[in-house]
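Notes follow the structure.
Every number in this text was worked out from the coordinates using simple rules, so none of it is lab data. Remember, it's a predicted structure, so these values are computed and weren't measured experimentally. Cβ placement follows ideal geometry from the backbone for every residue including glycine, while neighbour counts extend to all protein chains displayed.
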Amino acid sequence: MRIGVLTAGGDCPGLNAVIRSVVHRAVVDRDDEVIGFEDGFKGLLEGRHRELDLNSVSGILARGGTILGSARLERDRLREACDNSEELMGRLGIDALIPIGGEGTLTAATMLSEAGLPVVGVPKTIDNDISATDRTFGFDTAVGVATEAMDRLKTTAESHQRVMVVEVMGRHAGWIALEAGMAGGAHGICLPERPFEIDDLCKMVEERFSRGKKFAVICVAEGARPAEGSMEYAKGEIDQYGHERFVGIGNRLATEMERRLGKEARPVILGHVQRGGTPTAYDRVLATRFGWHAVEAAHRGDFGMMTALRGTDIVMTPLADATRELKTVPQDRMDETEAVF
Ligand code: F6P
């Protein structure tokens, strides 16, 4: 069998572990050939690809990023890539394509599959917001990075009696903010799922200071928004991929809290630090299992499906289910900590 593999969308720790696993299972165990497309669907569209063998994936398990490169593609070009895929795959003799990606990539994978192409998806995102899988790899690493940042920020915040506002990734779902906030002991957590009242945040900080605690850490998801009329906040512009370019809730919140509380506040925008570097052991294992199961699914002819984690098992689930709706933080998870505002 000849298997094509590509990584698309924003990168994520663990992508290399999937690629390595696909090559190990396919080439070593199954005597397949594996072709890697460069820069996601762009490589498919432009015919940029290379054969992957054991040497190509040697030493990449612990490496962040993706050896294949990744790119986001505008909607029109994505459609073009989908339209050209059949001819390209036919020409290259690809029997199965394994796209590894988040919502956009899995939507494209669904389009390819609906056009009759043999596709097995692998979900990835640090945001953990893909429904149909309990977890995505990359999330554990991102939560670890944000947690460590909060541990570090607490000591400097305490020395200077400051409020630290830590902005983490998560446009539509606040999983990173929730779990890093819980693990890092943030005193306030703001999520995109629930507009926050700045008055309540300020009251909490004042109450801490009145108890003799002279610092506070607020963990805010980049997509969190103040409740209507709570504080001024302008929407960001929409970029070429249809995503809102955020104007920085972390900065706004720190400025506003400093003004209202009369205490020093500092914003810390963690940004892409959360996406870079070496994946945790958990993410390496999940990514490796996804890769193994994707190859097996391809051999069974289980197309139009993607790998998913259910409990502790890896199962196959229809690709279309992955993108039907985003997995956001439900109320009962917010209720588990008093820090969510
Ligand atoms: O979806 C993953 C993600 O890291 C989001 O958390 C974040 O909002 C976005 O990608 C950033 O995208 P870019 O790398 O294009 O700035």
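Taking other C-beta atoms within 10 angstrom as a stand-in for reagent exposure, Arg75, Arg91, Arg20, Arg333 fall in the order Arg91, Arg75, Arg333, Arg20, fewest first. Which entries of Lys124/Lys154; Lys203/Lys327; Lys42/Lys124; Lys154/Lys263 show an alpha-carbon separation above 24 angstrom in the structure shown? Distance filter (> 24 Å) returns Lys124/Lys154; Lys203/Lys327.
When the helices of the chain are scored as -39500 (n - 2.57) per DSSP H run of n ≥ 4 and the total is divided over every residue, the value at 222 nm lands at -12000 deg cm²/dmol.
With Cα atoms as the point set, the radius of gyration and Dmax of the chain evaluate to 21.6, 71 Å. Only one residue of Ile130, Ser159, Val27 has its Cα farthest out toward the positive end of the dipole of the chain, where Lys and Arg carry +1 and Asp and Glu -1 on Cβ, and that residue is Ser159.
Taking the alpha-carbon centroid of each part, what is the distance from segment 50-78 to segment 264-341 in angstrom? Centre-to-centre distance over Cα atoms comes out at 18 Å. For His243, project a label point 7 Å along Cα to C-beta. Then give me every residue of segment 111-133 with its amide nitrogen under 15 Å of that point. It comes to 124-130, nothing else.
For segment 208-217, backbone phi angles converted through the Karplus equation (6.51, -1.76, 1.60; θ = phi - 60°) give residue-by-residue couplings of 4, 5, 5, 8, x, 7, 9, 7, 8, 10 Hz, Gly and Pro being listed as x. Per-residue Cβ neighbour counts within 10 Å put Ser58, Ser21 in the sequence Ser58, Ser21, beginning with the fewest.
Using only side-chain charges placed at the Cβ, +1 for Lys and Arg and -1 for Asp and Glu, the dipole size of segment 142-276 relative to its Cα centre rounds to 400 debye. Backbone amide hydrogens, once placed in the peptide plane, bring Ile35 within less than 5 Å of Ile3, Gly4, Val5, Leu52, excluding anything fewer than 5 places away on its chain. Which of the aspartates and glutamates could a cross-linker bridge to Lys214, judged by Cα under 17 Å and excluding same-chain residues fewer than eight apart? Partners within reach: Asp151, Glu158, Glu206, Glu258, Glu264.
Could you sort 288-296, 118-126, 254-262 so that the peptide with the highest average Cβ count within 10 Å comes first and the rest follow in order?
Details: 288-296: 23.1, 118-126: 28.8, 254-262: 17.0.
Answer by packing, highest mean first, reads 118-126, 288-296, 254-262.
Antiparallel beta bridges, as assigned by DSSP with both residues in the chain, represent about 30 percent of the total such bridges.
Express as a percent, rounded to the nearest 5, the fraction of DSSP beta bridges in segment 142-276 (both residues included) that run antiparallel.
Working: 3 of 18 bridges.
Roughly 15 percent of the DSSP beta bridges within segment 142-276 come out antiparallel.
Under a Gaussian network description of the chain, with springs only between Cα atoms under 10 Å, the residue in Gly40, Gly188, Gly248 that fluctuates furthest is Gly248.
Once the chain from Val285 to Ala227 is taken as fully extended at 0.36 nm per residue, the excess over their C-alpha distance is 16.9 nm.
Within a 10 angstrom radius of the beta carbon, how do Cys219, Cys12 rank from fewest other beta carbons to most? If you can, show how the numbers build up before the last one.
Numbers: Cys219 37, Cys12 31.
Least crowded to most crowded, the residues run Cys12, Cys219.
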